[in-house]
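Colleague: What follows is a structure written as C-alpha cells; I'll ask about it next.
The values are calculated or read from the model by the stated rules, or taken from the named source; none is laboratory data. The structure presented is a predicted model; accordingly, all values stated were derived computationally and were not measured. Quick reminder, even Gly has a Cβ in these numbers, built from the backbone with ideal geometry, and neighbours come from all protein chains shown.
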Amino acid sequence: MTSSPSTTLPEARSAVQTTRLPLATAAVWAVSAAIVGYALIFGGYAATIISFALIYAVFVSGLNVFMGLTAQVSFGQSAFAAIGGYSSAVLTTTYAWPPLAGMSAGLVFSLLAAWAIGFPTLRLKGHYLAMATLAIGLITYEIAVEWESVTQGYLGISGIPPLGIGPFEAVSDRQILVVLSVVVLVIAFAVKRIQHSRLGRSFAAVAGSEEAAATLGINVARTKLVSFLLAAGLASISGSLFVHVVGYVSPEVFGLHMVILAFSMVYIGGLGTVAGPLIGALIVSILPEVFRGMKDSQDLAYGIALILILIYAPKGIAGVAGAFDARRAA
Amino acid sequence: MNPAATSSSLPEVAQPVLDVRSLSASYGHVEALRSVDISVGRGELVAVLGPNGAGKSTLLRAIMGLIPNHGEVLFQGNALTRRKPGAAATKGVVLVPEGRGIFGPMTVLENLELGAYSVGRDKKEVERRLTSVFGLFPRLKERFKQTAGSMSGGEQQMVAVGRAMMADPKVLLLDEPSLGLAPRVTGEILDTLGALSQSGLPVILVEQKAPLALQLACRAYLLSLGRIVATINPREVKSHDELAQYYFA
C-alpha cells in the first residue's frame, strides 16, 4: 500500500497493521493448540511428553529473546535453569517454602548470577561469547555435581512438591498441562509486547549492527545485558517448573543435552518469532515418539526429519509462516 | 599539519559547534589517527578527504567514541567527557556510518523511528520528526512499509540520512554517503546535505570523491596516514590538477 499524500502517518500506519490477518502464523498457533488439546483430552503419556515440551518452550523463549531478537549466542542458559531448579528444589524440600516462593527466589538468584556473569562476559562477541557462556554452563553443572551438601550430587533431590498456589496443587497430568499452557501463553504475550516496544526495537538495532545502534544513542552494553537477564529469567522459571512437575532434580537434567535440544527447538520453530519456541519445542519433543516404532533406526529417522525441516524451512516453521503472511500483506 | 600545504584566505571558524583537538586513535599497535584538529561551525559543511586508509572513517568513529581514543572533542564548548559509544549521539552528534548501517529486515518506518530512540515515548515528537524527514525525502513516505534491505542503494542512503535526521542532530557526520551509488543519486543525496547545511546544520562529510565534496564544502581537510596534511579552501581549487597537487604535496 502506498499512502496518499493526504493520508497522515498514524492513519497509514494503522492501515498497514490491520490490512490482513496473519493467517499462516495463526495456523501455527492453531496447530500448537491442537497438539496441546490432544494431550489434554487423552492425557497419560501424551500429556507427559507435551508437558515437557511446554517447559522447554519457556526455556527456548528466553533463548529466543537473546539469540533471535538480539542476535547474541549463549550456550550457557542451562546454568540459569539449574539455578532456578535447584533453588526451588532446596527451598521447598529443606526449608518447606511454598513452590511459588521457591520459584521466585530462584528467579532472583538467577538474575543476580546473570548480571554478575553478563556484565564482563557480554563484552565478548560471536564465537568468544559462545565459548564463554558454554563454560558457564559447564561450571554450573560441575557445581551441581560437587556441592553435595546442598545438591546431593548425582543422587539428586527428590520429594519436591508439585506446582501450586495456596490450597491449589497441580497434581494430575491435565492440571499440569493447563498450568503450563497458561504460563507459555503469558510468556508468548510478554515476548510479543517486548518485541514491539522501545526495548524490542533496541534489541533489533543491536541485532542489526552494534555500531549503528550505538550511533543512534542506544546503550549497546546495557541492551545486551537486559536481553541476557530476560533469557536467564525465563530459563530459571523453566528450571523451577521442571523440578516441580517431575518432583526430582539431578545435575544431568541441566547438562549439555538440554542446550543442544533447545538450539534444535529454536531453529526448527523459528528464531526471532513469537510462536517459534512453542512449535519448535512441540515438534522436537513429539518427533522421537513418532519414530519410536522404527526401533534401531529411530535416532536416524529423527535426525533426518530435523535436517529436512531445516533444509526446507531454514527460517523455522514460524519463520516461514511469518514470511508467507508478510508476502500476503505486501 | 603542514602549514605549507594549507590554503591562505581560509576564514576562521567563529564559534565551532564541534571542535576536535589533538585526536588520536589506534587499532592495536597501528596508529590510525595522529593528533588531528578539525572544527565545524553553524551552517558549515566541511569535507574530510583522503585516499583509502588515510583515517577518515577512523576520525568519525573516534569522534563518536566508537573506538578508544585520546584527545579532546568539544561540543558547543563542552567536552564530550563520557566518550562511550552512544554518548555523543544522545548529545546530538549523529553519524551516518559507512555502508549506511541500516537495519535491512526492518521497514523504512521502523528504521526511521529508531533514529528517534532518544525521544522515548513522545509519539507527537516522533510524528513531527517523521513529517520533517518525509519532507526531505518524499520517496521514503511512499515506501515507508517496505523493508529497508529490499530498497535500492540510493533509497537505503536516504533511509540512513533520514534516520540520522530523526535524531534531531546538532552536528551531522557522514561517512562516504556516495559509496556504491549512481552519479545521479549521489547528486540528489549531496544536494540534500547542502540544503541541510544551509539551513544551519553543521555537517562533516567524509568522502573519497573529492570534486563532489569540494562543490559543497566551505573547507576541506586532507588526511593522509592519519594526519591532516592540508586544509583546503575549495574556492581556490579550480581544477583536478590543483587538487592533485594537494594530494601529492
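Colleague: Here are some conditions: (1) farther than 27 Å from B:V229 by Cα; (2) outside any loop (DSSP other than H, G, I, E, B); (3) of a type in the set (V, I, T). B:V94 meets all but one. Which one does it not meet?
Modeller: Unmet condition: (1).
Colleague: Hey, any hits in segment A:255-273 for a residue that's in contact with a Ser or Thr (Cβ under 6 Å, 6 or more places away or on another chain) and at negative phi?
Modeller: So far as segment A:255-273 goes, yes, one or more of its residues are in contact with a Ser or Thr (Cβ under 6 Å, 6 or more places away or on another chain) and at negative phi.
Colleague: Among the helices (runs of 4 or more DSSP H) lying completely within segment B:101-188, list those that include at least 1 residues that are at the interface with chain A (Cβ under 10 Å from one of its Cβ atoms) and more than 19 Å from the chain's Cα centre (by Cα).
Modeller: B:108-115, B:123-136, B:138-142
Colleague: Of all the residues that make up segment B:164-194, how many are in contact (Cβ under 8 Å) with a residue 40 or more places away in the chain, among the small types (G, A, S) and over 15 Å from B:M64 (Cβ atoms)?
Modeller: Residues that pass the stated criteria total 1.
Colleague: Here are B:G50, B:G65: which of them is modelled with pLDDT of 85 or more, within 15 Å of B:V93 (Cα to Cα) and buried (at least 17 other Cβ atoms within 10 Å of the Cβ)?
Modeller: Of the residues listed, the single one that is modelled with pLDDT of 85 or more, within 15 Å of B:V93 (Cα to Cα) and buried (at least 17 other Cβ atoms within 10 Å of the Cβ) is B:G65.
Colleague: Still on this structure: Wholly within segment A:144-244, which helices (runs of 4 or more DSSP H) include no fewer than the required count, namely at least 2 residues that are more than 22 Å from the chain's Cα centre (by Cα) and charged (D, E, K, R)?
Modeller: The helices (runs of 4 or more DSSP H) meeting that bar are A:210-215.
Colleague: Does segment B:46-57 contain any residue that is assigned to a helix (DSSP H, G or I) and away from chain A (no Cβ under 14 Å)?
Modeller: Yes.
Colleague: While we're looking at this one, here's another question. Out of (1) over 25 Å from A:A34 (Cα atoms); (2) out of contact with any Gly (no Cβ under 9 Å at 6 or more places or on another chain); (3) not charged (D, E, K, R), what's the single condition that is false for A:A190?
Modeller: Among (1) over 25 Å from A:A34 (Cα atoms); (2) out of contact with any Gly (no Cβ under 9 Å at 6 or more places or on another chain); (3) not charged (D, E, K, R), A:A190 violates only (1).
Colleague: So if I check each of A:V184, A:V178, A:V171, A:V206, which one is away from chain B (no Cβ under 14 Å), closer than 30 Å to B:E110 by Cα and not hydroxyl-bearing (S, T, Y)?
Modeller: Selected residue: A:V184, the only one of A:V184, A:V178, A:V171, A:V206 that is away from chain B (no Cβ under 14 Å), closer than 30 Å to B:E110 by Cα and not hydroxyl-bearing (S, T, Y).
Colleague: Check every one of the helices (runs of 4 or more DSSP H) wholly within segment A:267-330 and list those with 1 or more residues that are of a type outside the set (F, W, Y), at pLDDT 90 or above and in contact with a Phe, Trp or Tyr (Cβ under 6 Å, 6 or more places away or on another chain).
Modeller: A:276-290
Colleague: How many of the residues in segment A:23-43 are touching a helix residue (DSSP H, G or I) at 6+ places or on another chain (Cβ under 8 Å) and either among the aliphatic types (A, V, I, L, M) or within 16 Å of A:A170 (Cβ to Cβ) (or both)?
Modeller: Going through segment A:23-43 one residue at a time, the tally reaches 10.
Colleague: In segment A:218-228, which residues are crowded, with 20+ Cβ neighbours inside 10 Å and touching a residue at least 60 places away in the same chain (Cβ under 8 Å)?
Modeller: Of everything in segment A:218-228, those that are crowded, with 20+ Cβ neighbours inside 10 Å and touching a residue at least 60 places away in the same chain (Cβ under 8 Å) turn out to be A:T223, A:K224, A:S227, A:F228.
Colleague: Within the bounds of segment B:212-230, is there any residue that is loosely packed, with under 15 Cβ neighbours inside 10 Å and touching a residue at least 40 places away in the same chain (Cβ under 8 Å)?
Modeller: The answer is yes; a qualifying residue exists.
Colleague: Scanning for something buried (at least 19 other Cβ atoms within 10 Å of the Cβ) and either among the charged types (D, E, K, R) or touching a strand residue (DSSP E or B) at 6+ places or on another chain (Cβ under 7 Å) (or both), does segment A:229-247 turn up at least one residue?
Modeller: Yes, there is a match, as at least one residue in segment A:229-247 is buried (at least 19 other Cβ atoms within 10 Å of the Cβ) and either among the charged types (D, E, K, R) or touching a strand residue (DSSP E or B) at 6+ places or on another chain (Cβ under 7 Å) (or both).
Colleague: Quick one: how many residues across segment A:254-263 are surrounded by fewer than 21 Cβ atoms within 10 Å (Cβ to Cβ) and either assigned to a helix (DSSP H, G or I) or among the aliphatic types (A, V, I, L, M) (or both)?
Modeller: Looking only at that region, the number is 5.
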